[in-house]
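Readers should treat all values here as calculations from the given coordinates under stated rules, not as data from a laboratory. Because the structure is predicted, anything quoted here is derived from the model rather than measured. Please note: Cβ atoms are built from the backbone with ideal geometry, for glycine as well, and neighbour counts cover all protein chains shown.
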Amino acid sequence: METNPAIKREITAFMDGLRKRNKGETEFQQAVREAVETLIPFTAEHTQYRDAYILERMTEPDRIISFRVTWEDDKGGIRADRAWRVQFNNSIGPYKGGLRFHPSVNQSVLKFLGFEQVLKNSLTGLPMGGAKGGSNFNPKGKSDREVMRFCQSMMIELHRHIGEDVDVPAGDIGVGAREISYLFGTYKRLENRFAGILTGKGLSFGGSLVRKEATGYGAVYFMRLMLEQEGEGISGKTALVSGSGNVALYCIEKLIELGATVLTASDSDGFIHDPQGITREKLDWLIDLKENRRGRIQEYAEKFGCDYHEGKTPWGVKADLAFPCATQNELEAEDATAMVKNGVRAVAEGANMPCSAEATEIFLANDVLFGPAKAANAGGVAVSGLEQSQNQLRISWSREEVDARLVAIMTDIHTKCVRYGARHGKPVDYRAGANIAGFVKVADAMLAYGVV
Ligand code: NDP
């Protein structure tokens, strides 16, 4: 995108200040840079936001709670991990955002995720502020009992800071149905109340149908909308998916349902390439492997006789569509270059910030349709919002009802992106559209509150 020199200087000055205030927090700096590159040109034209220092205020979390989680392993050893809850912005609703358990978790990662969550939650149109939390605890290789003791200990601190009108955490990497259940059960005991203080709960205790599938389904719905905008469809296209966790598995499920051929899936050890495509039967096996047996993706290649590429990512395989659904910065400039060469048509980010800044620029420069995480993976938090509504109303909607609402929300997000990101003679700039549409609602609320 062409930016005039004065705006470029403003972006540089803004980022210099942010880097000084957030030293060494490279992921957070990357997420803010990606946003302000499109938001500063916008606030330069809509000066009410600039005059009120909205961007400076919006890039500073409301608060960060940092604490130690001490727990006992199966051998009786005492372990201590670090945990955080970053309550980023509650201007338009109670804080909302997932918990991540992974050794790579630190304050910078949670600040990047919390900042993006503010804009994403705003885009959904639901009354949700943004937050993120988690721990450097590694659930991999731990027994169920160890994970339970960790979750119980974590909630002993966390329960003071959350509540249905305060902050409602959910799952993320390393936090699925098992962890949410342990966390919820502990909250209930500590507070002696049954309330919708977490989302992603089991169906027997306040969970919503389609929550498990929502992020993956939503990413595919968003891809369908981007393609339809250009007069195309999903059926008959080939697709690359990375990851084999919650988002990836249900992204694959919806792609199969809509007639695409999914060629790849991965985990942190490598990827499988199945040129015949992952069928419904193979996917059922894979879901059982990942959700129940906690196995590795390599076992898919052994079971179905296809190639396994250890230590590699799937981006070199030729395909029409790509869905990075594993983790941040998993798709870099050289991957994007190879994909453009291979004729990739569109990319939808299932994970948060999976494409590096350089990779994103390459897609945009080559007119590859690019659905940024804030828009493309907002289906998960949207159905979390619907889970909260059902909890407050003490009712449960049917699968069809929740799915129809998810489709409606993704369609509304797409419309907002087109409104703020349309370009003459070029595909929609969904990155700019998502940033600006998410920003405006939060910024207007902050303006209305005065100096807060
Ligand atoms: P899961 O823990 O269920 O799955 C994560 C998957 O990504 C696993 O296959 C994991 O492999 C792989 N992965 C994780 N870290 C790395 C890494 N450093 N390098 C390579 N592969 C890695 O998490 P989710 O599916 O819930 O989340 C995936 C992404 O989607 C994250 O960016 C998350 O923030 C985002 N997201 C999730 C939402 C949700 O509703 N769950 C909502 C919106 C966004 P392995 O098992 O080997 O670690």
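So what is the relative contact order for segment 214-367, in percent, with contacts set as C-alpha pairs under 8 Å and at least six apart? Relative CO of segment 214-367 lands at 24 percent.
In segment 214-367, the inverse of the mean reciprocal separation of distinct Cα atoms equals 15.2 Å; this is its Kirkwood hydrodynamic radius.
Counting other Cβ atoms within 10 Å as a rough exposure proxy, the listed residues 344, 147, 381, 118 run 147, 344, 381, 118 from fewest neighbours to most.
Screening the chain for whole DSSP H helices with an alpha carbon extent of at least 18 angstrom along the helix axis and a mean Kyte-Doolittle hydropathy of at least -1.0 yields 5-21, 26-45, 107-123, 144-158, 177-191, 211-229, 378-393, 399-421, 430-449. Each residue in 74, 62 was given a count of other beta-carbon atoms within 10 angstrom of its own, and listing them fewest first yields 74, 62. The alpha carbons of segment 335-452 stretch over 52, 42, 25 Å along the principal axes, in descending order.
Taking K and R as +1 and D and E as -1, what net charge do the other residues with C-beta under 13 Å from the C-beta of residue 220 add up to?
My count for the surroundings of residue 220 gives -3.
Loop-resident GluC sites (Glu not before Pro) (DSSP state other than H, G, I, E or B) in segment 137-166 with no more than 16 further Cβ atoms inside 10 Å of their Cβ: 164. Computed over the chain, the per-residue total of -39500 (n - 2.57) for DSSP H runs of n ≥ 4 gives a 222 nm mean residue ellipticity of -16000 deg cm²/dmol, rounded to 500. Bridging of residue 132 to lysines at a Cα separation below 17 Å is possible for 96, 111, 120, 374, once same-chain residues fewer than 8 apart are set aside.
Basic side chains Lys and Arg get +1 at the Cβ, acidic Asp and Glu get -1 at the Cβ, and with that the dipole of segment 214-367 about its Cα centre reaches some 340 debye. The shape of segment 63-194 can be summarised by an equivalent ellipsoid whose semi-axes, obtained from the alpha carbon gyration tensor, come to 25, 16, 12 Å from longest to shortest.
Counted over all Cα-Cα pairs of the chain, pairs farther apart than 41 Å make up 12 percent. Across the options 240, 356, 214, the greatest Cα extent toward the positive end of the charge dipole of segment 214-367 (unit charges at beta carbon of Lys, Arg, Asp, Glu) belongs to 214. The length gained on full extension between residue 449 and residue 106, counted as 0.36 nm times the residue separation minus their Cα-Cα distance, comes to 120.3 nm. Over the chain, what is the relative contact order in whole percent, taking alpha-carbon pairs under 8 Å and six or more residues apart? Here the relative contact order equals 15 percent. Exposure proxy shown here: for 389, 242, 398, the number of other Cβ atoms within 10 Å sets the order, fewest to most, as 398, 389, 242. Under a model in which nothing but the beta-carbon of Lys, Arg (+1) and Asp, Glu (-1) is charged, the chain shows a dipole of about 1060 debye around its Cα centre.
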